[in-house]
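Engineer: Dumping the structure here so I can ask a few things about it.
The values are calculated or read from the model by the stated rules, or taken from the named source; none is laboratory data. Keep in mind that this is a model prediction, so the values were computed, not measured. Every residue, glycine among them, receives a Cβ derived from its backbone with ideal geometry; neighbour counts consider all protein chains shown. The area values use the complete protein model at the heavy-atom level, side chains included, leaving out ligands, DNA and RNA. Shrake-Rupley method; radii C 1.70, N 1.55, O 1.52, S 1.80 Å.
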Amino acid sequence: MAKVKQVGLLAAGCQPWNKDVCAASGDRFAYCATLAIYIYQLDQQYNEYKLRSIMSEHKKTITAISWCSDNPDLFASASADNLLIVWNVAEQKAVARLDNTKDSQVGVLRVWNVSRSTPLDSFKLKKTGFHALHVLNSPLNKKAPSFSSNSKSQHTSSTSEAVPPPTLSQNRSFSLPPGHAVCCFMDGGVGLYDMGAKKWDFLRDLGHVETIFDCKFKPDDPNLLATASFDGTIKIWDTNTLTAVNTSPGNEGVVYSLSWAPGDLNCIAGATSRNGAFIWDVRKEKIITRFNEHGKNGIFCISWSHKDSKRIATCSGDGFCIIRTIDGKILHKYKHPAAVFGCDWSQNNKDMIATGCEDKNVRVYYLATSSDQPLKVFTGHLAKVFHVRWSPLREGILCSGSDDGTVRIWDYTQDACINVLIGHTAPVRGLMWNTEVPYLLISGSWDYTIRVWDTRDGTCLDTTYDHGADVYGLTCHQSRPFTMASCSRDSTVRLWSLTPLISSLLLNILTDQPWEKIIGNTDTAMVPGSPPLLCGKVSRDIKQELDKLSLDIRAKRLRWFFECFSPPGGSSNLWDLVSVINGQDDSLLPASYSKGVMHMKHLLKFKTSEAQELTIVKMCKFGGGIGAPSKEERLKEAADIHLRLGQIQRYCELMVELGQWEKALSVAPGVSMKYWKKLMQRRVDQLMAEDNDDAIPYCIATGDTKKLVTFFTGRGQLLEALLIAQGACEGNIRAPQTDVLPSHPVTFDIFLSSLLHKVCQELAEWYFQDGCSVLAACCHLAVDNIKVSMCSLIRGNELELAACVGIVLGEAANQSTEYCLELLARKYMTTPTWYLSADLLQMIPDNCILLAKLCAYYPGSAAEINQLHERCGLPSLEECKALAEEAVCEGDLFSAVQFHLLSSEPENALRIGIDHIKEQLSGSDWTVDSVQPILDLMSYIRTDRLVMVKLTEARSELLILCGYIGGLLAIRRQYSSIVPALYEYTSQLLKRREVCVPLKIEQLSVELDAWRASTQTNSNPPSESALVLCGADYVTGSNLPSHSDVQLSCFTGQRIQGPLFLLEDGKSAISHNDALMWAKVNPFSPLGTGVRINPF
């Protein structure tokens, strides 16, 4: 299983080079960047479009795509190399490749009504011009809002503004049917526009449309990432929301490289292919300086010195590395014998810079001298050198990547190459040192992979295959050193968590180990084979701040370190909510708190403040109102007469007919409040039927909170539903007096509170199914639901974070924290972290049985086993044997099994335990809870003993029993995706092995059929008490497309989406989510070998 996990993905925009680059079919639509096709699909549960796959087989610019009209799973794409590929979307693979086809110029299709000389309607969607458009043939099937309309036989179209329809208005003589258009814009923006409701169902504004060559985090903000692209722009992204927040003016040709100004200067230097270099002032949104010293030669790298903010270096194809001041004064021109591709300032000496050259050499220059000759020249690469990077932690150490496919580590002080990292099969481009662990180096290559290296011995610790083309840029932020961003020719930016690489460090912090096991110096950390230590500035700063504290030290230590370790996506939000629940003063909350999921007691307070600020801005900026639309003169005149005669109700009805609802509603109270409320209700029902946002203020005015919440949740707008529910709970949205309300106000308060909790639950599930378990946990904490919040983290496999949060929350989270610590202990039951596993279990109060399981599974020598027994407070091997025999005599079956497992002859435990369980299953009064504990205990027998030939029968019976009880547990916990696999596993073992157990294949088949029938008719949610263990697991990255080798699940035979888990044969695979659920109910491998699986 991969150690580095993908935690985010920034999709590319749509290319502006060709016309037919977007297509749609059913609930899917697709668009293409230059070399990749992006396919989105409607999530029916949440009415949200999600990225399902990325196709990137083309090597040349994609020129057109088109969906098959007969088969919604097939579409074709053509490219500039005259290749046409037919894709199967469901299977995410190419099914046909047609070479030597010719592109054809296809005209633009427009739809008109032949009885008019003008379009039926016009929509001003963006300032940027259209590039391509595709109209869906039929409306998408959306989740219908579950409200009832009181109106009879209403005629409503997608654009009608009244009941009955405005038949006499010229601009409304024709109405568009419900329809959607996939819109692609010249700036790379892509959207799905609902022409009837006049709103975006999906909009991805901005986006690179070509290769992304470089990416860098803003020095003073780890949430802002800048990217430079072949499309001539630099874009800035918010990594929390994965949205673009700014873009450079463009028209720069190719932007090869970028470099942020130091600190908070808010400027970016860019290097281009034809326009020299420039400085972009992000705040002013304009280019403020240009450098043209390289003439028309392309500049491949630009680097702003972070130790002297006045100096900028550039490298060019003209063979020069030029050092200048920001006002353009040239300080040095270093001539090379060939093109210079990379340069990097030393992080320890402001006057030292290294370069990579086409002549295969690395050079180091010292700016404090007047000489234009290098101090050192490092030779050894067999092809051109591209990027060079100085180590931020080890003085004098630098690395270089080359077209020879290697990364070399150089020691400036020894004038030597101290290591060669071999593994890439194509030129190396991206290079990045970790800023906390001195031996970690990451490289990206044209072989589409990212590799993580231990530079102490040259070991490749992990390789990721998720990019679909050359990997160019790698970067991390100093304050979040284990979150990495990468960019590629596949036009995506991807975010990665490197935290699994230093998992032992997390445990040392969690188990409150001494500082020397967490923070050290580089010499100690660089000893080969030693566990990782933090050596950077961030960890030292945290320790320094903690040393100043006298109270709440452990909680602060856990929070500060885990904020440093966690990727963007809700970790800080989660810790803010934990602080609120623990009673922290509101004045200490950071400014970013109001932008995330807020606690229910703050939601109205912060949102009201935000609304006041927006009102002030709008009053200053926009003075006038919006003019009323044109009216039919005769009806208007008649309405005026009725009004003058005091016939207000007739006037209101005519205004409604004309579509002038505001005027009708403004005078309706003159008839009666009952009539006004009835009219308001008509307006609400009509607008909701059109899925129109204008229904919202009317619904609030009538106080129908339930209908409004249903309206929002039906559209998947769960954050808005949450806000409405909270407003009602605080009494700001009042029900109309004519409604039938509960007789007691306390009862109504309970109703509103339950409504708020329900909305938070739906919002949490939406986040969870989007791969954001941390934000899901935030939603539950916002309404003080600590237990379910912890459940979200555990189901998302955020075990270390969950344990830390649980410890800080204290007693309210104890049950979940203990379960989490138990899972973590299972995760680390491996060499060399057995003792860390013991430390975790010792944090659980009632831990005797858990420690016994750990020691029973430990595979060491007799002396080592006795040593672990002593550490865990357990008897020695010989003492356990005697205690087992004593327990047998006393009839204490559980103790007998336990001590036999802890003895030198653990196989004796199987005979006793299995016979007992078979006896239980032969009766009719057994339950899962009566047999599962002893079965789970037996599963911890050491693998080397369990696989012995003499235990073949016992092993088979144990695996069958574990499979069957595991299936029942999976049903209880709603692990629906693995229930059939567990029953099939058990059936296959019964068929193939000679065993004597009270189970029949026919019985299993009947039970499975009964479960399937019940799941189709029963959709009741689990009870509150069961929630901590209920619900399918869904880890971060499960929803992100990958270009790694296509793996089919041995459970379903279908392609695995997201992270996978390889079984012990090295070939069979299941999804990581299925592996987690399987291991929680059945510890043994699905292959039936008797090996325990550890996907945690």
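Engineer: Can you tell me which of T314, T289 is open to solvent by less than 20 Å² (accessible area, probe 1.4 Å), among the β-branched types (V, I, T) and more than 35 Å from the chain's Cα centre (by Cα)?
Structural biologist: T314
Engineer: Next question, about the same structure. Just a yes or no: is a residue in the stretch 770-778 modelled with pLDDT of 80 or more, in contact with a Gly (Cβ under 7 Å, 6 or more places away or on another chain) and either surrounded by fewer than 24 Cβ atoms within 10 Å (Cβ to Cβ) or in a loop (DSSP other than H, G, I, E, B) (or both)?
Structural biologist: Yes, the stretch 770-778 has at least one match.
Engineer: Another question about this same structure. If we keep just the residues of the stretch 714-733 that are free of Cβ contacts under 8 Å to residues at least 60 places away in the same chain and out of contact with any Phe, Trp or Tyr (no Cβ under 8 Å at 6 or more places or on another chain), which is surrounded by the fewest Cβ atoms within 10 Å (Cβ to Cβ)?
Structural biologist: Here the residue is G731.
Engineer: (1) under 18 Å from L958 (Cβ atoms); (2) within 47 Å of the chain's Cα centre (by Cα); (3) in a helix (DSSP H, G or I): which one isn't true of E919, the others all being true?
Structural biologist: Only one criterion in (1) under 18 Å from L958 (Cβ atoms); (2) within 47 Å of the chain's Cα centre (by Cα); (3) in a helix (DSSP H, G or I) is unmet by E919, namely (2).
Engineer: In the stretch 652-712, which helices (runs of 4 or more DSSP H) lie fully inside it and hold 2 or more residues that are under 25 Å from Y46 (Cβ atoms) and among the polar types (S, T, N, Q)?
Structural biologist: none
Engineer: Here is a further query. Within 21 Å of N1082 (Cα to Cα), free of Cβ contacts under 8 Å to residues at least 40 places away in the same chain and open to solvent by 30 Å² or more (accessible area, probe 1.4 Å): which single residue out of E864, E818, E879 fits that description?
Structural biologist: E818
Yes/no per residue for (1) assigned to a loop (DSSP other than H, G, I, E, B); (2) of a type in the set (S, T, Y); (3) at pLDDT 95 or above:
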residue: P337; (1), (2), (3): yes, no, yes
residue: C343; (1), (2), (3): no, no, yes
residue: Q347; (1), (2), (3): yes, no, no
residue: A354; (1), (2), (3): no, no, yes
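Engineer: For the stretch 891-916, which positions are within 13 Å of A852 (Cα to Cα), part of a helix (DSSP H, G or I) and not small (G, A, S)?
Structural biologist: Listed by number, the residues that qualify are F894, V897, Q898, F899, H900, L901.
Engineer: Something else: Do we find that L850 is modelled with pLDDT of 95 or more, assigned to a helix (DSSP H, G or I) and surrounded by 14 or more Cβ atoms within 10 Å (Cβ to Cβ) in this structure?
Structural biologist: For L850, the condition - modelled with pLDDT of 95 or more, assigned to a helix (DSSP H, G or I) and surrounded by 14 or more Cβ atoms within 10 Å (Cβ to Cβ) - is met.
Engineer: One residue is enough: does the stretch 923-938 have a residue meeting the conditions of a type in the set (D, E) and open to solvent by less than 50 Å² (accessible area, probe 1.4 Å)?
Structural biologist: Yes; the residues of the stretch 923-938 include at least one that is of a type in the set (D, E) and open to solvent by less than 50 Å² (accessible area, probe 1.4 Å).
Engineer: I'd like to check which strands (runs of 3 or more DSSP E) are fully inside the stretch 183-283 and have at least 2 residues that are at pLDDT below 85 and among the charged types (D, E, K, R).
Structural biologist: Qualifying strands (runs of 3 or more DSSP E): 199-204.
Engineer: Name, by its number, the condition in (1) modelled with pLDDT under 95; (2) within 20 Å of L534 (Cβ to Cβ); (3) β-branched (V, I, T) that does not hold for T413.
Structural biologist: (2)
Engineer: Quick one: M352 ticks every box in (1) in contact with a Gly (Cβ under 9 Å, 6 or more places away or on another chain); (2) within 22 Å of S257 (Cα to Cα) bar one, so which box is it?
Structural biologist: (1)
Engineer: Going through the stretch 390-434 one residue at a time, which ones are of a type in the set (D, E, K, R), under 19 Å from D359 (Cβ atoms) and open to solvent by 10 Å² or more (accessible area, probe 1.4 Å)?
Structural biologist: D403, D404, R408, D415
Engineer: Being of a type in the set (A, V, I, L, M) and either open to solvent by less than 10 Å² (accessible area, probe 1.4 Å) or under 25 Å from R429 (Cβ atoms) (or both) narrows it down to one residue among V255, V245; which is it?
Structural biologist: V255
Engineer: Only one residue in I786, I750 is of a type in the set (V, I, T), open to solvent by 10 Å² or more (accessible area, probe 1.4 Å) and without any contact (Cβ under 8 Å) to a residue 40 or more places away in the chain. Which one?
Structural biologist: Values: I786 fails: without any contact (Cβ under 8 Å) to a residue 40 or more places away in the chain.
Checking each option against the conditions leaves just I750.
Engineer: How about the stretch 292-311: which of its residues are hydroxyl-bearing (S, T, Y) and open to solvent by 10 Å² or more (accessible area, probe 1.4 Å)?
Structural biologist: Scanning the stretch 292-311 gives S303, S309.
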